[in-house]
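Notes follow the structure.
The values are calculated or read from the model by the stated rules, or taken from the named source; none is laboratory data. Note that the structure is predicted; figures quoted are calculated from it, not measured. Backbone-built Cβ (ideal geometry, glycine too); neighbour counts: all protein chains shown.
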Amino acid sequence: MSVFAIDGSKYTLPATPEIRAAFDPHSGLQYAGKGHYPQCLVSTVYDVFRRFPVARHIGPLDTSERQAAQNMLHLIPANSLVLFDRGYPSYEFILELQENLPGYFMIRCPSQSTFPAVEKFIKTNKEEDIIFLNPTNKYRQKVSCQQHNKLKSLKVRVVRLKSPDGTISVILTNLWDRRKYPRQEIIDLYFRRWEIETYYRDEKSVLEIERFHGHTCNSIKQELLAAAIMSVISRTLMVLSAEIFESSEKELQFKNAIMTLASEAAVLAPENPEKAIIIFTEILQEIVRVKYYRPKSPRPSHVRVTKRAINKWSTAKLKKTGNA
């Protein structure tokens, strides 16, 4: 089956009145703990094995990631598997998946301050089990009295997950068959979700998408969608290059592919078809020329750079650690 990950990321936008009003009206230095630049929330459906985006939702900064994901469920092919991080689990969202997703899901769920059934499972020290999630009080308050009688417990398979840093959490899934979908394979497959994090990094560092050229809401959306389209085209050309020039043994470099394509993007709408074919062949040759070598050991973490102002909580933490 195809495997997709859905996740959201914040993008820093130009500080124009129109963009600020549409995406982040409470940004600006006049608000305590806020930075000068407005931001938006971009949610993406990402194919983690083919490594390209297939759908995208662009909304204001206060957009619910769960709602953005729900808006894109109909775009996911049937019988696919969708991976979600620990920011997504809720009774309402899992109910939505069970009723409207024509496939399978995996959701990472924390082991504390979560569903009572999950906390009870953690105490059993079992590696996996079948549990039932009851409607939360918050969800009960949202439905009518007539709907109360129709509320049901949600059956899910739960798998214990221990992260490399020692954190204990669980994976909730509807992959019921333990022989067909063994516990360890579920865990290994879930960690493929990291590909979408890598994709967001590439958009912001390789494509430098946050250096927007336009200064209107429409142009911001166009550039964010264009970046996704360029990624799909580049990945496709990488596959073609590997097949034509028999270079499947080494992984090709995504950065080189997309920069090569960007430098010759006009070839996609040529005035001279014969010349376009020659240029297109040269593009494939240039793409296959540069290989990507994955690091043998984890890369060291780097200090995150942000344009947001330091809020009072960050200031208090600095004073406490003596770094202020």
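What to note about this one:
- Residues of the range 165-180 satisfying the condition of being out of contact with any strand residue (DSSP E or B) (no Cβ under 8 Å at 6 or more places or on another chain) and either touching a residue at least 60 places away in the same chain (Cβ under 8 Å) or farther than 20 Å from Tyr88 by Cβ (or both): Asp165, Gly166, Asp177, Arg179, Lys180
- Conditions (1) closer than 18 Å to Val3 by Cα; (2) among the hydrophobic types (A, V, I, L, M, F, W, C); (3) in contact with a strand residue (DSSP E or B) (Cβ under 7 Å, 6 or more places away or on another chain): number failed by Leu73: (3)
- Residue check, Asn137 in contact (Cβ under 8 Å) with a residue 24 or more places away in the chain and polar (S, T, N, Q): no
- For Phe212, the requirement of being in contact with a helix residue (DSSP H, G or I) (Cβ under 6 Å, 6 or more places away or on another chain), at pLDDT below 80 and farther than 30 Å from Asp165 by Cβ is not met.
- Of residues in the range 23-51 being surrounded by fewer than 19 Cβ atoms within 10 Å (Cβ to Cβ) and of a type in the set (A, V, I, L, M, F, W, C), the one nearest to Phe84 (Cα to Cα): Phe49
- Residue among Arg51, Arg66 that alone is of a type in the set (Lys, Arg) and over 24 Å from Arg211 (Cα atoms): Arg66
- For the range 1-39, the set of residues classified as more than 22 Å from Arg193 (Cα to Cα) and touching a Leu at 6+ places or on another chain (Cβ under 7 Å) consists of Ile19, Phe23, Asp24, His36, Tyr37, Pro38, Gln39, listed by residue number.
- From the options Arg56, Arg51, Arg66, Arg20, residue that is at positive phi and of a type in the set (D, E, K, R): Arg51
- Scanning the range 153-163 for residues that are under 30 Å from the mean Cα position of the chain (by Cα), without any contact (Cβ under 8 Å) to a residue 12 or more places away in the chain and assigned to a strand (DSSP E or B) turns up at least one hit.
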